[in-house]
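The values are calculated or read from the model by the stated rules, or taken from the named source; none is laboratory data. All values derive from a computational prediction rather than experimental measurement. Please note: Cβ atoms are built from the backbone with ideal geometry, for glycine as well, and neighbour counts cover all protein chains shown. Protein only, heavy atoms only, side chains kept; ligands, DNA and RNA dropped before computing areas. Shrake-Rupley method; radii C 1.70, N 1.55, O 1.52, S 1.80 Å.
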Amino acid sequence: MTSLLSRRALRVLSAAFAATIAATALAGCASGADPATAGSSADSDAGLGDLTVQLSWVKNEEFSGEFFADSKGYYTDAGLGTVTLVPGPSTGAAELISGSADVALSDAVSIGSVVASEGAPLKIIATTYQKNPFTVLSLAGGADIAMPKDLIGKKIGVQDSNSALFKALLAANGIDESELTIVPVQYDPAPLISGEVDGFIAYLTNESITVAASGTEVTNLPFADNGLPFVAETVTVTDDAIKNDREKLKAFLVAEIKGWTDAVNDPAAGADLAVSEYGKDLDLNLDNSIAGATVQAEQLVVSDETAENGLFTISDALQKETIKSLAGAGITLKASDLFDMSLLDEVYKENPELIAYAG
């Protein structure tokens, strides 16, 4: 990971660079318009090949940055062939290990658990969300789970793919699984609304919004604020890909930075891409999608760190915070076991204008 001092120096250089070549490009970025073409050295190299991306969830607004990158041709501009976005739900680990996916959008706990327990040859090379959006969702007029201790004695609906995450939350708060009941559920919050469960593992940007939009007052117990801060929607790849497909991965990151800049600048347009095009078969609600896209843009994707050093950055401090969260959940790793920021560092070194672009 490049030091903060050197990254700040790089940002100064990037500002000077941008000022000399495209003063109007920054204005275009700020307004959400198409910015000046920017990319890695791969931009001019055809034939980097196709790439398959395993998404952590269905094709909703959660992936609006990917939808922008695809629809606006940023993947193609970066030199990639066909980029296939495979819907989840999935943590992506199995797909990466089997070779059916080149990149997986996942989270630090899911990836960290398989790295620690199975020695999986996986690394996180960037992250979309600086703050994870997981929450225990409950009804304000029901169980009203506002603090970790409120979980005790309750029935909590947990999806299979979120099992490790929820157990990590319990461990981080000193709660034994025997003190509550874990109920296997799918991703529809109907069991919560019907009273089958008292709490439901959800996203602040998804189910929490949809349940509240139905007229039911909700209570959230966010993981990030209750002992389990970690990065999510992580860009995860295999060690082999880092070694042998660096240019392809760097090209992907360039396109992602562009796509997510658009998603941050215009959440409503990103939501519309999800509703009307990429997730059109899901019968998504546009108002709810806009609300989710806005929350993720304002609270999860951007931070002081990304404003300073560019989107997808994972600072040394955030890496340490994530590793500490994992340790509290019984997942023992060093930052170097889980993170490899060398590709993102190279992208920003080779394309300093992208820092200002994403800032």
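Apart from one condition, V295 fits all of (1) at pLDDT 95 or above; (2) open to solvent by 10 Å² or more (accessible area, probe 1.4 Å); (3) not small (G, A, S); the exception is (1). Can you confirm whether V136 is open to solvent by 10 Å² or more (accessible area, probe 1.4 Å), among the β-branched types (V, I, T) and over 20 Å from E256 (Cβ atoms)? Considered against the rule, which asks whether it is open to solvent by 10 Å² or more (accessible area, probe 1.4 Å), among the β-branched types (V, I, T) and over 20 Å from E256 (Cβ atoms), V136 comes out as no. The set of residues in segment 126-170 that are closer than 15 Å to F223 by Cα, without any contact (Cβ under 8 Å) to a residue 40 or more places away in the chain and in contact with a strand residue (DSSP E or B) (Cβ under 9 Å, 6 or more places away or on another chain) comprises N162, S163, F166. The set of residues in segment 158-178 being of a type in the set (V, I, T) and closer than 17 Å to G328 by Cβ consists of I175 alone. Taking the numbered list (1) under 16 Å from the mean Cα position of the chain (by Cα); (2) of a type in the set (A, V, I, L, M); (3) under 23 Å from S110 (Cβ atoms) in turn, I201 passes all entries but (1). Of the residues in segment 328-337, at least one is within 24 Å of V103 (Cα to Cα), out of contact with any Lys or Arg (no Cβ under 8 Å at 6 or more places or on another chain), open to solvent by 40 Å² or more (accessible area, probe 1.4 Å) and outside any loop (DSSP other than H, G, I, E, B). In segment 71-112, of all residues being small (G, A, S), outside any helix (DSSP H, G or I) and within 19 Å of the chain's Cα centre (by Cα), the one that is farthest from Y129 (Cα to Cα) corresponds to A101.
One residue alone among A18, A9, A30 is in a helix (DSSP H, G or I), modelled with pLDDT under 95 and buried (at least 19 other Cβ atoms within 10 Å of the Cβ), and that residue is A18.
In this structure, does E277 turn out to be under 17 Å from V347 (Cα atoms), open to solvent by 10 Å² or more (accessible area, probe 1.4 Å) and in contact with a Ser or Thr (Cβ under 8 Å, 6 or more places away or on another chain)? Full working, then the answer.
Details: under 17 Å from V347 (Cα atoms): no; open to solvent by 10 Å² or more (accessible area, probe 1.4 Å): yes; in contact with a Ser or Thr (Cβ under 8 Å, 6 or more places away or on another chain): yes.
Answer is no for this residue.
Applying the criterion of being touching a Ser or Thr at 6+ places or on another chain (Cβ under 8 Å) and assigned to a loop (DSSP other than H, G, I, E, B) to the residues of segment 113-140, the residue that is nearest to D188 (Cα to Cα) is P133.
G119 satisfies every condition listed in (1) surrounded by 20 or more Cβ atoms within 10 Å (Cβ to Cβ); (2) without any contact (Cβ under 8 Å) to a residue 24 or more places away in the chain; (3) small (G, A, S) except (1).
Within the set D272, D266, the sole residue that is surrounded by 17 or more Cβ atoms within 10 Å (Cβ to Cβ) and without any contact (Cβ under 8 Å) to a residue 24 or more places away in the chain turns out to be D272. Among the residues of segment 142-165, those that are touching a helix residue (DSSP H, G or I) at 6+ places or on another chain (Cβ under 8 Å) and either surrounded by fewer than 17 Cβ atoms within 10 Å (Cβ to Cβ) or not in a loop (DSSP other than H, G, I, E, B) (or both) comprise D144, P148, L151, I152, G153, I156, G157, V158, S161, A164, L165.
The set of residues in segment 178-213 that are touching a helix residue (DSSP H, G or I) at 6+ places or on another chain (Cβ under 6 Å) and of a type in the set (A, V, I, L, M, F, W, C) comprises L180, V185, V197, F200, I201, A202, I209, A213.
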